[in-house]
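*Asks:* Have a look at this one before I ask anything.
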Amino acid sequence: MPNLENLKKQAKQYLRWHRDGYFPVAAEIRAALPRFRDLDDREILKADFKLADAQELVARQMGFDGWQALKSGALTVTTQAKQQAPRPVLRSTSAQLFVADIKASCDFFTDKLGFAVDFVYGDPPFYGQVKRDNALLALRLVCEPVFVGDVREREHLLSASLTVATSHEIKRLFLDYQAAGVRFHHVLRTEPWGARNFIVLDPDGNLILFSGPVD
């Protein structure tokens, strides 16, 4: 059992993050606290969130149903209950790209790829997120090279993979990006496994795959 004082400090840190509008904490709140489950990040950060909520968050992350249960050490989820619980459902996924300039990266995704800026965080910004339809890409400032030499290009190491539903959409998306002057790692082609895809290079050399079905 971790030290209770450390857990109290952890709860206070969550509370501070929420008050500061730190977006990554919203996902943890949504995952752990049922009453926040249907809210998006902005709604969670605008919602009332007290120390008791932060303590409940810590408790639930450790398998307890509340702060008092954690303090007493009374586990509320037995092995049998775990076996009978519904299978967890993953709600969404978001790739994280490492970039050298958050603003320049946001400009690329909005001006060239048709995304919108969901948020940026920090002064100066060190974290952000862009969104197009159901696709989310997180942007994380890193001031040093992430890959050695040209290994990323040689090994075709993808940073993100995004899909569309039809062959028409993947062709149209490629033509739109081509007209916008986007740099490609490879252009639209049909793969042996039956997909049509192309790979875009962002300003930081991240390889972003766009894929759709064959006609």
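*Asks:* Sort 65-73, 18-26, 142-150 by packing, meaning the average of other beta carbons within 10 Å per residue, with the highest value first. All intermediate terms of the calculation are to be shown ahead of the outcome.
*Replies:* On the way: 65-73: 15.0, 18-26: 16.8, 142-150: 10.1.
Going by the mean number of other Cβ atoms within 10 Å, highest first, we get 18-26, 65-73, 142-150.
*Asks:* For the range 83-200, what is the per residue volume of the convex hull drawn over the alpha-carbon atoms, in cubic angstrom?
*Replies:* Numbers: hull volume 21.3 nm³, N = 118.
About 180 Å³ per residue, rounded to a whole number.
*Asks:* Quick check: the angle from helix 4-19's long axis to the longest principal axis of the chain, C-alpha only, nearest 10 degrees?
*Replies:* So the inclination is approximately 50 degrees.
*Asks:* Specify which residue in the list Ser161, Asn134, Thr110 is farthest towards the positive end of the charge dipole of the range 88-165, using unit charges on the beta carbon of Lys, Arg (+1) and Asp, Glu (-1), about the Cα centre.
*Replies:* Of the options given, the answer is Asn134.
*Asks:* So how far apart, in nm, are the two label points at Asp107 and Ala95 if each is 7 Å from Cα heading toward Cβ?
*Replies:* Between Asp107 and Ala95, the label points sit 2.3 nm apart.
*Asks:* Determine ³J(HN,Hα), in whole Hz, for all residues of the range 154-163 in sequence, where each value follows from phi through the Karplus function 6.51 cos²θ - 1.76 cosθ + 1.60 and θ = phi - 60°; x replaces Gly and Pro.
*Replies:* Calculated HN-Hα couplings, in order: 5, 9, 6, 7, 6, 9, 7, 9, 10, 10 Hz.
*Asks:* How tilted is helix 102-111 with respect to the longest principal axis of the chain? Cα atoms for both, answer in degrees (0 to 90, nearest 10).
*Replies:* That helix lies at roughly 50 degrees to the long axis.
*Asks:* Using helices alone, I'd like the mean residue ellipticity at 222 nm for the chain: each DSSP H run of four-plus residues gives -39500 (n - 2.57), total over residue count, nearest 500. Walk me through the numbers before you get to the answer.
*Replies:* Working: 9 runs with 82 residues, N = 215.
The helix contribution divided over the chain gives -11000 deg cm²/dmol.
*Asks:* Then there is this: List the relative contact order of the chain as a percent without decimals, with contacts defined as Cα pairs under 8 Å and 6+ residues apart.
*Replies:* Working: 304 pairs, mean separation 28.1, N = 215.
13 percent.
*Asks:* Provide the gained length on full extension for the span Val151 to Gln61, in nm with one decimal, where the gain is 0.36 nm per separating residue minus the Cα-Cα distance. Please list the in-between numbers first.
*Replies:* Details: separation 90, 0.36 × 90 = 32.40 nm, distance 3.79 nm.
Length difference between fully extended and current span is 28.6 nm.
*Asks:* Quick one: length gained pulling Ser211 to Ala27 fully straight, 0.36 nm per residue minus the C-alpha distance? Write out the running numbers ahead of the final one.
*Replies:* Numbers: separation 184, 0.36 × 184 = 66.24 nm, distance 2.71 nm.
Stretched fully, the Ser211-Ala27 segment lengthens by 63.5 nm.
*Asks:* If I stretch the segment between Trp193 and Asp20 completely, what's the gain in nm (0.36 nm per residue apart, minus their alpha carbon distance), one decimal? If you can, show how the numbers build up before the last one.
*Replies:* Numbers: separation 173, 0.36 × 173 = 62.28 nm, distance 4.69 nm.
Between Trp193 and Asp20, full extension yields an extra 57.6 nm.
*Asks:* Got a sec? Which residues in the range 97-115 would a label at Leu141 touch, if it sits 7 Å along Cα→Cβ and we count backbone N under 19 Å?
*Replies:* Under cut-off, by backbone N: 97-110.
*Asks:* I've got another one for you. Which distance in nm do the two modelled labels at His168 and Leu4 give, with both placed 7 Å along the Cα-to-Cβ direction?
*Replies:* 6.4 nm
*Asks:* While we're on this one: Return one whole number: the accessible area per residue of the chain in Å², for a 1.4 Å probe. Write out the running numbers ahead of the final one.
*Replies:* On the way: 13060 Å² over 215 residues.
With the other protein chains kept in place, the chain gives 61 Å² per residue.
*Asks:* So, one more: Enumerate the calculated ³J(HN,Hα) couplings along the range 62-71 in order (Karplus 6.51 cos²θ - 1.76 cosθ + 1.60, θ = phi - 60°), each rounded to whole Hz, writing x wherever the residue is Gly or Pro.
*Replies:* Values, residue by residue: 9, x, 9, 8, x, 5, 5, 5, 5, 4 Hz.
*Asks:* Here's a follow-up. Dipole size in debye (nearest 20) for the chain around its Cα centre, Lys and Arg Cβ +1, Asp and Glu Cβ -1?
*Replies:* Details: 28 positive and 27 negative charges, 142 e Å.
Its charge dipole is roughly 680 debye.
*Asks:* Considering only the chain, what is the antiparallel percent among its DSSP beta bridges, to the nearest 5?
*Replies:* Values: 23 of 33 bridges.
Close to 70 percent.
*Asks:* Same structure, new question: Need the C-alpha centroid separation for the range 171-204 versus the range 121-154, integer Å.
*Replies:* Taking the Cα centre of the range 121-154 as reference, the centre of the range 171-204 is 19 Å away.
*Asks:* What distance in nm separates the two pseudo spin-label positions at Asn134 and Asp48, each 7 Å out from Cα along the beta-carbon direction?
*Replies:* Rounded to a tenth, the inter-label distance reads 3.4 nm.
*Asks:* Regarding the chain, what are the three Cα extents along the principal axes, ordered largest first, in Å?
*Replies:* 61, 43, 34
*Asks:* Please report the carbon-and-sulfur percent of the accessible area for the range 89-188; probe 1.4 Å, protein heavy atoms only, DNA, RNA and ligands left out. Please list the in-between numbers first.
*Replies:* Details: 3320 of 6270 Å².
Carbon-and-sulfur percentage of accessible area, whole number: 53.
*Asks:* Hey, what angle do you get for helix 51-61 against the long axis of the chain, alpha-carbon based, 0 to 90 degrees rounded to 10?
*Replies:* 70 degrees
The values are calculated or read from the model by the stated rules, or taken from the named source; none is laboratory data. Quick caveat: nothing in here was measured; it's all calculated off a predicted structure. Virtual Cβ from ideal backbone geometry, glycine too; neighbours counted across all protein chains shown. These area figures cover heavy atoms from the full protein model, side chains too; ligands, DNA and RNA do not enter into them. Shrake-Rupley method; radii C 1.70, N 1.55, O 1.52, S 1.80 Å.
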